[in-house]
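Colleague: A single structure is presented below for examination.
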Amino acid sequence: MAKKQILLNAFNMNCVGHINHGLWTHPRDNSVDYNTLSYWTELAKTLERGLFDGLFIADIIGVYDVYQQSIDLTAREAIQLPVNDPLLLVPAMAAVTQHLGFGVTSNLSYEPPYLFARRMSTLDHLTGGRAGWNIVTGYLDSGARAMGLLTQDEHDQRYDRADDYLELLYKLWEGSWEDEAVRRDKAARVFADASRIHRISHQGPFYQLDGYHLCEPSRQRTPVLFQAGSSDRGQLFAARHAEGIFIAAQDKDKTRQLVQDIRRQAWPPAAVAMT
Ligand SMILES: Cc1cc2nc3c(=O)[nH]c(=O)nc-3n(C[C@H](O)[C@H](O)[C@H](O)COP(=O)(O)O)c2cc1C
């Protein structure tokens, strides 16, 4: 029988209380130091020493304010509040490791794709190609309100928007700069060849763009894409785009069924427009 390889992925969040609520009060728990660089650099070094392949950092935009219509419990128990930006942790952790990958959660609903494309490319440059993105569309109305909206988009429409967002990002990451565009030729005084840098035009249902990607190609161009959709629409999105899919399954039969469903939808791979 062919040997199977297990990849180990740690799971954390840039906050005090991620999912094991109350654990932060344990005498040997140091989650309250989440807002220091050393907490993260030590974690990264420990994971690499322990042969972990990646660290996955969850994130939310918004607060849990539905229970008793307040944030009282959320704040007292530090339930994903306060929550700092996950992306900013990565360069520091990359600097003290060599192999560890970083999967950063980012909610695309509130991020203009042009700017997000640059941030992820920058992260991929600085990590030498160890950047990943857990694509989420959000689930908190409190986040939508904080961003000036009345409520979130309806559930399936969030994934329609996400499909358009990803189409646009692929164009920027994969299609704007050719591999040979960057010459770095000091003697000839030519850094890049403009004829190999392409203007991207995107006229999608949700996003329109006319411009050049701001970054030269990074090691991966498109970072490793993770997703965790579990609804029919979420699974379809995940099957189309993700390279790694998080599933929350309760027993073997359901897990088998879920994996089969996702595989069926993922194959043959959907064609991605590059023009
Ligand atoms: C392991 C795992 C991690 C997840 N991490 C996040 C996260 O960090 N932020 C977030 O907004 N949603 C997160 N989600 C929620 C999913 O993105 C997704 O919205 C959820 O599974 C419901 O599926 P649906 O969107 O298809 O309804 C996570 C889900 C799972 C199973």
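Colleague: Let me make sure I get this right: for region 28-134, a, b and c are the square roots of the gyration tensor eigenvalues over alpha carbons, sorted descending. Under 1.5 in a/c it's rounded, otherwise prolate if a/b > b/c, else oblate. Which is it? Numbers along the way, then the final one.
Modeller: Details: a/c = 2.70, a/b = 1.32, b/c = 2.04.
Oblate, because a/c is 1.5 or more while a/b does not exceed b/c.
Colleague: For region 185-251, just the Cα set please: Rg and Dmax, both in angstrom.
Modeller: So, for region 185-251, Rg and Dmax equal 18.7, 63 Å respectively.
Colleague: Quick one: 3J(HN,Hα) in Hz for region 197-210, Karplus 6.51/-1.76/1.60 with θ = phi - 60°, rounded, Gly and Pro as x.
Modeller: Result, ordered by residue: 10, 9, 6, 9, 10, 9, 10, x, x, 10, 10, 10, 8, 9 Hz.
Colleague: Let me ask something additional. Just to confirm the number: angle between the C-alpha axis of helix 232-241 and the first principal axis of the chain, 0 to 90 degrees, nearest 10?
Modeller: Approximately 40 degrees, to the nearest ten.
Colleague: Residue by residue through region 72-89, what is 3J(HN,Hα) from phi via Karplus (6.51 cos²θ - 1.76 cosθ + 1.60, θ = phi - 60°)? Round to whole Hz and write x for glycine and proline.
Modeller: Karplus values, whole Hz, x for Gly and Pro: 3, 5, 3, 6, 4, 8, 6, 7, 6, 8, x, 9, 8, 5, x, 5, 5, 6.
Colleague: Out of all DSSP beta bridges in the chain, what portion is antiparallel? Express it as a percent rounded to 5. Provide the component values of the computation, followed by the final result.
Modeller: On the way: 8 of 30 bridges.
Roughly 25 percent of the DSSP beta bridges within the chain come out antiparallel.
Colleague: Need the full-extension length gain, Ala249 to Asn84, defined as separation in residues times 0.36 nm minus the C-alpha distance. One decimal, nm.
Modeller: Difference between extended and current length: 56.5 nm.
Colleague: Another question about this same structure. Using 0.36 nm times the number of residues separating Arg28 and Asp232, minus their current alpha carbon distance, what extension gain do you get? Could you put the intermediate results ahead of the total?
Modeller: Working: separation 204, 0.36 × 204 = 73.44 nm, distance 4.12 nm.
Extra length available between Arg28 and Asp232 comes to 69.3 nm.
Colleague: First check a/c for region 74-144, with a ≥ b ≥ c the square roots of the eigenvalues of its C-alpha gyration tensor; if it is under 1.5, answer rounded, and if not, answer prolate when a/b is larger than b/c or oblate otherwise. The partial results should precede the final answer.
Modeller: On the way: a/c = 2.74, a/b = 1.42, b/c = 1.93.
Oblate, since a/c reaches 1.5 and b/c is not below a/b.
Colleague: Whole angstrom only: what separates the Cα centroid of region 120-160 from the Cα centroid of region 21-50?
Modeller: Taking the Cα centre of region 21-50 as reference, the centre of region 120-160 is 25 Å away.
Colleague: While we're looking at this one, here's another question. Under a Cβ-Cβ cut-off of 14 Å, what is the net charge of the residues other than Asn14 that fall near it, where Lys and Arg count +1 and Asp and Glu count -1? Don't jump to the answer; show the numbers that get you there.
Modeller: Values: positive: none; negative: Asp33, Asp59, Asp85.
So the environment of Asn14 carries a net charge of -3.
Colleague: What FRET efficiency would be calculated for the residue pair His99, Tyr67, taking the C-beta separation as r and a Förster radius of 51 Å, to the nearest 0.05?
Modeller: Numbers: r = 41 Å, r/R0 = 0.80.
Once rounded, the FRET efficiency stands at 0.80.
Colleague: Based on DSSP H runs of at least 4 residues, each adding -39500 (n - 2.57), what is the mean residue ellipticity at 222 nm of the chain after dividing by all its residues, to the nearest 500 deg cm²/dmol?
Modeller: Estimated from H runs of four or more residues: -9500 deg cm²/dmol.
Colleague: 7 Å from Cα along Cα→Cβ at both Tyr207 and Trp267: what's the point-to-point distance in nm?
Modeller: 2.9
Colleague: What is the sum of charges around Thr105, taking Lys and Arg as +1, Asp and Glu as -1, for the other residues whose C-beta is under 14 Å from the C-beta of Thr105? Please report the intermediate quantities before stating the final value.
Modeller: Details: positive: Arg119; negative: Asp59, Asp85, Glu111.
Net of charged neighbours comes to -2.
Colleague: Give me D for the chain in µm² s⁻¹, whole number, from Stokes-Einstein with Rh from the Kirkwood sum over alpha-carbon pairs, 4 °C and 1.567 mPa s.
Modeller: On the way: Rh = 20.6 Å.
After rounding, the answer is 63 µm²/s.
Colleague: For the pair Leu51 and Met147, what calculated FRET efficiency results from E = 1/(1 + (r/R0)^6), where r is the Cβ-Cβ distance and R0 = 35 Å, to the nearest 0.05? Show your work: numbers first, answer last.
Modeller: On the way: r = 40 Å, r/R0 = 1.14.
Once rounded, the FRET efficiency stands at 0.30.
Colleague: Largest first and in whole Å, give the semi-axes of region 129-266's equivalent ellipsoid, each being the square root of 5 times a Cα gyration tensor eigenvalue. All intermediate terms of the calculation are to be shown ahead of the outcome.
Modeller: Working: eigenvalues 244, 83, 32 Å².
For region 129-266, the ellipsoid semi-axes come out as 35, 20, 13 Å.
No lab work stands behind these numbers, since they all come straight from the coordinates. Worth saying up front: this structure is predicted, and the values here are computed from it rather than measured. With ideal geometry, Cβ positions are generated from the backbone for all residues, glycine too; neighbour counts draw on all protein chains shown.
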